[in-house]
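Before any comments, here is the structure.
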Amino acid sequence: MTMPAFSARSTLRRLFQRWGAHPEGRKHPAADTEITPLPLPAQLILPLAQHIGAPARPLVQAGQQVLRGELIAEAQGAISAPLHAPTSGRILGIAEVPVPHASGLSGPAILLEPDGLDEALPPEIADPFMLEPADIARRVASAGIVGMGGATFPSAVKLALGQKTRIPTLILNGGECEPYLSCDDRLMRERAPEVVDGARIILRAIGGERAMIGVEDNKPEAIAALREAAADLADVEVVTVPSRYPMGSEKQLISWLTGREIPAEGRPADIGVMVQNVGTAAAIHRAIRFGEPLTRRIVTVSGGAIRTPRNLEVRIGTPLSALVEFCGGTTGTVARWVMGGPMMGLAIRSLDIPVIKGSGGLLALVESELAALPEPGPCIRCASCVGACPIGLMPLDMAALIRNGDLKASVDIGLKDCISCGTCSFVCPSQIPLVQYFNHAKGELAAQDRNRMKQDAIKQLVEARESRMEREAREKAEAAARRKAERERAKAAAAQAAAAKSAPATNTEETTA
Amino acid sequence: MNPISSPHAHGARSVGRVMLLVMLALTPATLAGFWHFGWPAVMLWCVTILTALFAEAFCARMAERSASAMIADGSAMLTGWLLALSLPPWAPWWIAAAGAAFAVVVGKHAFGGLGQNLFNPAMAARVMLLISFPVEMTQWVAPQATDLPPLAALGVTFGGNITDAMTSASLLGHVKAEASRGIALSQSLTGFWDPQAFGFGQRAGSLGETSALLLVGGGIFLAALRIITLRIPTAFMLGVALPAILANFLAPDSYLPPLAHLLTGGVMLGAFFIATDYVTSPSTPLGQWIFGLGCGALTWIIRTWGAYPEGIAFAVLLMNSAVPLIDRATRPRIFGRRRDGHSLTAP
């Protein structure tokens, strides 16, 4: 239940915190359709890098038969996630395939040909409330669960943090502030008990005290379903937040729900908070209660060019073309394909790309939805971007500095605090590519940092080599000198010995002389 | 091929739309000006805007850019419109033409075009005209509605057929003149100061500045559509009203009452439409408060102690020059940081 005092605070905040934008929701009709399982495609493409961190290391070989849920690639290093077979079938091999990437790069992936039987490994079922917290984190890690909201940070790494730091508050992110997307909405509506149970499992894993599920007020059905599922629970609270982009950003949601800001140079744990996506909570529920690794997810297929927009439950690795086909294909001209939401999603050029763990949406946008000017206009200093920036930056000044090549000055006024939400670009009446400038500059700075590190490393190596060679030369010279001295000593000794042999005579001669 | 990156959507707002809405908001006050001052006012408005558009096209041609595209953003038309509203309604055509050309060519394009100018182009032009042609720029007429036939109106605007019998004085000009003759306010205001007439514009003054209420209405319309915020207008009015209240309370015979300050001259036009010009006002919320207060206070100071009866244009230009400094000094606090830029610390 929402406390009255809280809503008064929230009302005040609505009045005085004016950041963000209100893009058209466009959530319907997809949001009105039930989650439909997508039939198995002819081939699954399973990229090894579907998460933040080191790519997984494949454990299978071409020709090998696998069952659903079988481990096919293991985590590598501290921040990584394993990969499991989404269905039973035969491994075709490991190949370089196009993956979801801003530059259309390709990456290694395991190819799996389903046998249609969808046979599963015998599951490992557990009661989370009998498990040790560390055990929960371990099981989440081995289930390959990553942030399902799109961040794809390995969830177990976050859970393990709870064992090191005191984190009393868990926030489940049900904001789903991106237009078009309704995969989280449908999940909350249809599987609210799974989400709520997932929240309680996470609470146990991190030793938390209470969970808040923050949902935007444009999803009343989801809020009602969650409230019903959490009705008897004292530690789970469902809180309505205003529909405003980017409310689903971690910083903004935490600040709205708790009134506290994550320090710019800190983490949510520093203020005793952890945020997980509602989809992640449901995946954790399934992993712990049913021993089910992460092999499928809900994807919204929408956009003006999709014939029947809907929400599909898809095996990880399914090529996007299969989703589009199942939704009746496209009508009219697709101006742009986007993976994810329109605000932060990725433009893609091929539908051979597979669904990965972080893909929440596939959009086929028509020209009018892009609403793009042929070219950006001049900045009229209207300060729309200043008012919209959820972080309090001055995008217009930052962009001007970057355009002049002064990256350092743009860092001084907050470039590194930018969360790349794109609200500034969205509101700009001249359609200046503001966030694009910032992402470019951040990439440039990262490259500079890498370069500097590389140069430092090279310099150190060169210095080390020089000092080594100097030392070696010195040692060589010393050894040579030593040898020479020895030789001379030996020569002198020999001469002395020789002298000594003839000495008595000589000596006597001398003495006699 | 460049990778296309997010966002893949845009808000409905465009520069042209913003300018159009501002012009829409100016329409009621403009029509009131036409009604009160008749055909010469209509002609003056037309000449100003046409000249502004012509100057814009000329500059576009000089810069080898598309004239129609540049005109389509509406900024030149709005500049001309604002200048027209700040001119004496029966001013001769060449005042309007010279002013509009100056506003667009020198006020805007000499600085690098839209978005680059430091000073409000309309106000720069108005000040240039006021300094260069003080007689024509202070020739006011009393509202005489439509009783001047169009042909005679042509004579006023294009032939300079304006006689002393037609002219009148603005309240600020009248008060200043009387004060210089040593006449107390209580006397000089009698018969001249009627808040009601000033609200609806039945008084002598610039073409579009006289109907304070219609201007406020237009301003609130823009604020409701989030085209402007009310920070600058509110601060502007406070900047005028606060010193006026204090001075009038201390010496009512020497200082105009606050309401007379707010409703005369171009305070409402200045507060809602001139000082809120995006290009030449600060971008930060705190900066906008400071800018508005500064404009208001300077207006009061110039009106009270300056040589000119009216001070809006000077006040706005002076504050314009401080905008880069204000913006730099009033950057908003960054999320997760203190005002000084240091990260917040974990509690």
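Taking the stretch B:147-261 and the helices (runs of 4 or more DSSP H) fully enclosed by it, the elements with 1 or more residues that are within 28 Å of B:Ser281 (Cβ to Cβ) and within 20 Å of the chain's Cα centre (by Cα) are at B:171-180, B:195-200, B:212-224, B:231-250.
When the test is whether a residue is closer than 12 Å to A:Ala281 by Cα, at pLDDT 95 or above and surrounded by fewer than 22 Cβ atoms within 10 Å (Cβ to Cβ), A:Glu221 does not pass it. For A:Gly422, the test of being under 23 Å from the mean Cα position of the chain (by Cα) and closer than 26 Å to B:Val279 by Cβ is passed. One residue stands out in the stretch A:405-431 among those that are over 20 Å from A:Arg18 (Cβ atoms) and among the hydrophobic types (A, V, I, L, M, F, W, C): the one that is farthest from the other protein chains (Cβ to nearest Cβ), namely A:Leu407. You will find that of B:Phe249, B:Phe221, B:Phe236, the residue that is farther than 15 Å from B:Ile274 by Cα and at pLDDT 95 or above is B:Phe221 and no other. Scanning the stretch A:234-255 for residues that are more than 12 Å from every other protein chain (Cβ to nearest Cβ) and surrounded by 15 or more Cβ atoms within 10 Å (Cβ to Cβ) yields A:Val236, A:Glu237, A:Val238, A:Val239, A:Thr240, A:Val241, A:Pro242, A:Ser243, A:Arg244, A:Met247, A:Gly248, A:Leu253.
Checking each residue of the stretch A:371-382 against the condition of being surrounded by 18 or more Cβ atoms within 10 Å (Cβ to Cβ), of a type in the set (A, V, I, L, M) and under 28 Å from the mean Cα position of the chain (by Cα) gives no match. The residues of the stretch A:256-275 that are away from chain B (no Cβ under 14 Å) and part of a helix (DSSP H, G or I) amount to a single one, A:Leu257.
Taken over the stretch A:393-417, the criterion of being within 22 Å of A:Pro378 (Cα to Cα) and not aliphatic (A, V, I, L, M) is satisfied by A:Pro395, A:Asp397, A:Arg403, A:Asn404, A:Gly405, A:Asp406, A:Ser410. Given (1) crowded, with 24+ Cβ neighbours inside 10 Å; (2) away from chain A (no Cβ under 13 Å); (3) out of contact with any Asp or Glu (no Cβ under 9 Å at 6 or more places or on another chain), where does B:Gly33 come up short, assuming only one miss? Checking B:Gly33 against (1) crowded, with 24+ Cβ neighbours inside 10 Å; (2) away from chain A (no Cβ under 13 Å); (3) out of contact with any Asp or Glu (no Cβ under 9 Å at 6 or more places or on another chain), the one that fails is (3). Selection of first residues in the stretch A:371-388 that are at the interface with chain B (Cβ under 7 Å from one of its Cβ atoms) and in contact (Cβ under 8 Å) with a residue 12 or more places away in the chain and of second residues that are assigned to a loop (DSSP other than H, G, I, E, B) and among the acidic types (Asp, Glu), restricted to Cβ pairs under 8 Å at least 6 apart or on distinct chains, gives the following pairs, ordered by first then second residue: A:Gly377/B:Asp73.
Taken together, the criteria exclude B:Tyr308 from residues that are surrounded by fewer than 24 Cβ atoms within 10 Å (Cβ to Cβ), under 18 Å from the mean Cα position of the chain (by Cα), within 14 Å of chain A (Cβ to nearest Cβ) and not in a helix (DSSP H, G or I). Note on the stretch A:317-343: residues that are within 18 Å of the chain's Cα centre (by Cα) and surrounded by fewer than 24 Cβ atoms within 10 Å (Cβ to Cβ) total 1. Looking across the stretch B:278-294 at every residue that is buried (at least 24 other Cβ atoms within 10 Å of the Cβ) and in contact with a Leu (Cβ under 8 Å, 6 or more places away or on another chain), the one that is nearest to B:Ile334 (Cα to Cα) is identified as B:Ser283. None of A:Ala31, A:Ala95, A:Ala49, A:Ala73 is small (Gly, Ala, Ser), assigned to a loop (DSSP other than H, G, I, E, B) and away from chain B (no Cβ under 14 Å) except A:Ala49.
Taking the stretch A:407-430 as the range and being farther than 24 Å from B:Gly115 by Cα, touching a Phe, Trp or Tyr at 6+ places or on another chain (Cβ under 9 Å) and not hydrophobic (A, V, I, L, M, F, W, C) as the test, the residues that pass are A:Asp417, A:Ser420. Taking A:Ala62, is it more than 14 Å from chain B (Cβ to nearest Cβ), over 22 Å from A:Arg297 (Cα atoms), surrounded by fewer than 17 Cβ atoms within 10 Å (Cβ to Cβ) and at pLDDT 90 or above? Against the criterion (more than 14 Å from chain B (Cβ to nearest Cβ), over 22 Å from A:Arg297 (Cα atoms), surrounded by fewer than 17 Cβ atoms within 10 Å (Cβ to Cβ) and at pLDDT 90 or above), A:Ala62 qualifies.
A quick yes/no check of all residues on (1) free of Cβ contacts under 8 Å to residues at least 12 places away in the same chain; (2) on the phi > 0 side of the Ramachandran plot; (3) part of a helix (DSSP H, G or I):
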{"position": "B:Ala12", "(1), (2), (3)": "yes, no, no"}
{"position": "B:Leu20", "(1), (2), (3)": "no, no, yes"}
{"position": "B:Leu26", "(1), (2), (3)": "no, no, yes"}
{"position": "B:Ala32", "(1), (2), (3)": "no, no, yes"}
{"position": "B:Ala57", "(1), (2), (3)": "no, no, yes"}
{"position": "B:Glu64", "(1), (2), (3)": "yes, yes, no"}
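Is it true that B:Phe314 is buried (at least 23 other Cβ atoms within 10 Å of the Cβ) and not basic (Lys, Arg)? Against the criterion (buried (at least 23 other Cβ atoms within 10 Å of the Cβ) and not basic (Lys, Arg)), B:Phe314 does not qualify. Against the condition more than 7 Å from every other protein chain (Cβ to nearest Cβ), buried (at least 17 other Cβ atoms within 10 Å of the Cβ) and either out of contact with any strand residue (DSSP E or B) (no Cβ under 9 Å at 6 or more places or on another chain) or outside any helix (DSSP H, G or I) (or both), how does A:Ile402 come out, does it pass? Answer is yes for this residue. Of all residues being free of Cβ contacts under 8 Å to residues at least 60 places away in the same chain, away from chain B (no Cβ under 11 Å) and part of a loop (DSSP other than H, G, I, E, B) in the stretch A:330-370, which is nearest to A:Leu294 (Cα to Cα)? Just the residue, please. Across the stretch A:330-370, the extreme among qualifying residues is A:Val355.
No other residue among B:Ala84, B:Ala52, B:Ala41 is within 24 Å of B:Arg13 (Cβ to Cβ), in contact (Cβ under 8 Å) with a residue 24 or more places away in the chain, assigned to a helix (DSSP H, G or I) and under 20 Å from the mean Cα position of the chain (by Cα) apart from B:Ala52. In the set A:Ala21, A:Ala78, A:Ala73, A:Ala54, only one residue is modelled with pLDDT of 95 or more, within 25 Å of the chain's Cα centre (by Cα) and not polar (S, T, N, Q); that residue is A:Ala73.
Here's the yes/no breakdown for (1) closer than 28 Å to B:Gly199 by Cβ; (2) surrounded by 24 or more Cβ atoms within 10 Å (Cβ to Cβ); (3) in contact with a helix residue (DSSP H, G or I) (Cβ under 9 Å, 6 or more places away or on another chain):
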{"site": "B:Ala98", "(1), (2), (3)": "no, no, yes"}
{"site": "B:Gly107", "(1), (2), (3)": "no, yes, yes"}
{"site": "B:Pro149", "(1), (2), (3)": "no, no, yes"}
{"site": "B:Ala152", "(1), (2), (3)": "no, no, yes"}
{"site": "B:Val156", "(1), (2), (3)": "yes, yes, yes"}
{"site": "B:Asn161", "(1), (2), (3)": "no, no, yes"}
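For the stretch A:97-120, the count of residues that are at negative phi, touching a helix residue (DSSP H, G or I) at 6+ places or on another chain (Cβ under 7 Å) and surrounded by 15 or more Cβ atoms within 10 Å (Cβ to Cβ) is zero.
The values are calculated or read from the model by the stated rules, or taken from the named source; none is laboratory data. Every value quoted in this text rests on a predicted model; they were computed, and no experiment measured them. Glycine gets a Cβ as well: all are built from the backbone with ideal geometry, and neighbour counts include every protein chain shown.
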